[in-house]
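Q: The structure is given below, and queries will be raised subsequently.
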């Protein structure tokens with residue numbers, strides 16, 4: 001699955017004498033559900049765990065569950081069919097006997113309750129589920145229940161008096177950010193993060209799917225699919241789209257003679273209106289006023305092209321600063337912070353230049369992490385010194401020229417690796433965030449803008465820095 005570390009973290013949290021509830025975070029199609037299933041199977045094999053051979057894996061989609069204030073339809077927690085309810089048994093209804101129905105929490109007793117998209121679960125239902133998790137039982141209520149009624153069967157009395165067992169381990173999966181998840185769930189749960197799949201992993205998944213389909217593909221097909229998606233499910237669906245097109249056009253051919261061509265794949269891609277994940281490519285050349293920054297949206301990192309151009313102002317001290325507003329207010333604040341550092345670094349007054357800074361594509365940037373990259377692009381434009389195009393930079397810049405810690409480091413490094421970046425400059429305070437991270441990118445911690453300049457200037461070290 002390409003999620004070995006995440007799977008190890010998940011198994012370690014449930015395969016112990018004191019298993020924990022767990023929330024899995026990550027983009028869609030990266031194997032969260034499969035990992036949860038495998039984790040239970042692995043836990044069953046290990047000693048000192050509360051799971052046994054018959055422990056169940058009960059799966060439900062949080063988007064389909066809604067709280068019913070009548071409490072007569074609740075597949076998650078269980079419900080009570082009152083005598084007047086249409087679904088009540090005739091024999092019980094005639095005697096005025098309410099009938100409790102156990103739900104998925106009881107079905108999962110002694111095993112795993114897996115709720116996909118737990119962030120979409122109805123808020124009232126979340127609160128009731130939290131109560132069940134605390135009590136390890138689910139209780140039933142009905143205004144029709146009379147404990148002194150001799151017509152009530154013993155099993156119904158037992159359910160009303162003692163409740164139904166619901167001692168399970170909850171594994172919730174979500175594509176939402178942690179801050180969007182109910183804090184009460186987070187406080188009761190361990191958290192495991194799943195990374196987007198790499199291009200190599202997508203290609204491996206596609207090649208395995210080809211073997212199962214028992215067809216042949218042109219060599220470029222798996223590579224092309226990996227350019228367009230980081231989701232295993234979407235990649236396989238794209239392969240199936242291309243396969244269907246080939247079958248349609250070659251209806252008379254035998255199956256063993258079918259070859260999925262890249263032309264058929266591109267037709268399927270066009271039908272889906274898809275664009276490549278990363279439309280930027282690192283190179284060994286240098287360019288003036290241009291650098292790669294790094295951003296993150298949700299669980300996906302992005303490589304951001306930042307460019308700047310500087311001209312001497314027509315009137316000294318009357319220069320103007322232009323910036324594409326669509327990049328967001330945070331990016332604009334980062335730009336003004338960067339502009340304040342330019343004079344400290346170069347000794348030149350920004351007001352003497354007409355400066356235009358552009359985020360190519362105009363995409364919004366979350367947070368201040370493009371500050372250092374913007375500053376380097378501005379200095380490069382003013383000094384007319386080219387920057388390396390195989391380096392990406394992330395970090396907030398302070399007005400004193402220090403590089404401050406930012407979030408989403410792992411996602412950003414992943415994105416950089418996908419476009420061929422050789423080196424990523426990260427804030428030194430983020431060093432602990434990359435512990436154990438193995439990839440093909442050199443990671444260089446920096447504390448100041450001056451350290452960043454030394455890395456991106458390439459062979460040109462003649463820039464005059466103001467001391």
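The values are calculated or read from the model by the stated rules, or taken from the named source; none is laboratory data. As the structure is a computational prediction, the values presented were derived from the model and not from experiment. Ideal geometry is used to build each Cβ from the backbone, glycine not excepted, and the neighbour counts take in all protein chains shown.
Q: How many residues does the range 278-299 contain that are surrounded by fewer than 20 Cβ atoms within 10 Å (Cβ to Cβ) and touching a helix residue (DSSP H, G or I) at 6+ places or on another chain (Cβ under 7 Å)?
A: Going through the range 278-299 one residue at a time, the tally reaches 2.
Let's see how each residue does on (1) crowded, with 19+ Cβ neighbours inside 10 Å; (2) under 26 Å from the mean Cα position of the chain (by Cα):
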residue: 114; (1), (2): yes, yes
residue: 120; (1), (2): no, yes
residue: 123; (1), (2): no, yes
residue: 157; (1), (2): no, no
residue: 185; (1), (2): yes, yes
residue: 191; (1), (2): no, yes
residue: 196; (1), (2): yes, yes
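Q: Counting just the residues of the range 360-381 that are surrounded by fewer than 24 Cβ atoms within 10 Å (Cβ to Cβ) and either in contact with a strand residue (DSSP E or B) (Cβ under 6 Å, 6 or more places away or on another chain) or over 25 Å from residue 177 (Cβ atoms) (or both), which one comes out modelled with the highest pLDDT? Don't jump to the end; show me each part of the working.
A: Initial filter on the range 360-381 (surrounded by fewer than 24 Cβ atoms within 10 Å (Cβ to Cβ)): 360-364, 366-368, 381.
Cutting the leftovers down to either in contact with a strand residue (DSSP E or B) (Cβ under 6 Å, 6 or more places away or on another chain) or over 25 Å from residue 177 (Cβ atoms) (or both) gives us 360, 368, 381.
On the way: 360: 82, 368: 73, 381: 91.
Here the answer is 381.
Q: I'd like to verify a number: residues in the range 248-274 that are surrounded by 12 or more Cβ atoms within 10 Å (Cβ to Cβ), in contact (Cβ under 8 Å) with a residue 40 or more places away in the chain and farther than 11 Å from residue 228 by Cβ, how many?
A: 5
Q: Restricting to the range 300-339, give me the number of residues that are closer than 19 Å to residue 398 by Cβ, at pLDDT 80 or above and surrounded by fewer than 18 Cβ atoms within 10 Å (Cβ to Cβ).
A: Filtering the range 300-339 down to residues closer than 19 Å to residue 398 by Cβ leaves 306, 329-339.
Among the residues that remain, those that are also at pLDDT 80 or above are: 306.
Still in the running and surrounded by fewer than 18 Cβ atoms within 10 Å (Cβ to Cβ): none.
Residues flagged as closer than 19 Å to residue 398 by Cβ, at pLDDT 80 or above and surrounded by fewer than 18 Cβ atoms within 10 Å (Cβ to Cβ) within the range 300-339 amount to 0.
Q: Additional query: Any residue that is touching a strand residue (DSSP E or B) at 6+ places or on another chain (Cβ under 6 Å), at pLDDT 85 or above, in the same structural domain as residue 171 (by TED's automatic domain parsing) and not in a loop (DSSP other than H, G, I, E, B) - is there at least one of those in the range 124-131? Reasoning before the result, please.
A: Within the range 124-131, the first condition is being touching a strand residue (DSSP E or B) at 6+ places or on another chain (Cβ under 6 Å), and the residues that meet it are none.
No.
Q: Related question: Just to be sure I understand, how many residues within the range 166-183 are surrounded by 15 or more Cβ atoms within 10 Å (Cβ to Cβ) and more than 18 Å from the chain's Cα centre (by Cα)?
A: Of the residues in that region, 5 qualify.
Q: Residue check, residue 235 against (1) more than 22 Å from the chain's Cα centre (by Cα); (2) in contact (Cβ under 8 Å) with a residue 12 or more places away in the chain, all met but one. Which one?
A: (1)
Q: Residues in the range 346-353: is at least one in a strand (DSSP E or B), in contact (Cβ under 8 Å) with a residue 24 or more places away in the chain and crowded, with 18+ Cβ neighbours inside 10 Å?
A: Within the range 346-353, one or more residues are in a strand (DSSP E or B), in contact (Cβ under 8 Å) with a residue 24 or more places away in the chain and crowded, with 18+ Cβ neighbours inside 10 Å.
Conditions tested, residue by residue: (1) more than 17 Å from residue 111 (Cα to Cα); (2) in the same structural domain as residue 178 (by TED's automatic domain parsing); (3) surrounded by fewer than 19 Cβ atoms within 10 Å (Cβ to Cβ).
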| position | (1), (2), (3) |
| --- | --- |
| 9 | yes, yes, no |
| 15 | no, yes, no |
| 25 | yes, yes, no |
| 36 | no, yes, no |
| 65 | yes, yes, no |
| 71 | yes, yes, yes |
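Q: Here's another thing I want to ask about it. How many residues are surrounded by fewer than 20 Cβ atoms within 10 Å (Cβ to Cβ) and part of a strand (DSSP E or B) when one looks only at the range 397-423?
A: Qualifying residue count for the region: 3.
Q: If you go through the range 74-86 one residue at a time, do you hit one that is in contact with a helix residue (DSSP H, G or I) (Cβ under 8 Å, 6 or more places away or on another chain), in the same structural domain as residue 158 (by TED's automatic domain parsing), farther than 15 Å from residue 170 by Cα and at pLDDT 90 or above?
A: yes
Q: Right, here's the next one. Considering each residue of the range 386-396, count those that are outside any loop (DSSP other than H, G, I, E, B), within 26 Å of the chain's Cα centre (by Cα) and under 14 Å from residue 453 (Cβ atoms), and give that number. Break it down stepwise before answering.
A: Residues of the range 386-396 outside any loop (DSSP other than H, G, I, E, B): 386-388, 391-393, 396.
Cutting the leftovers down to within 26 Å of the chain's Cα centre (by Cα) gives us 391-393, 396.
Filter once more, so that each one left must be under 14 Å from residue 453 (Cβ atoms): 391, 393.
So the count comes out to 2.
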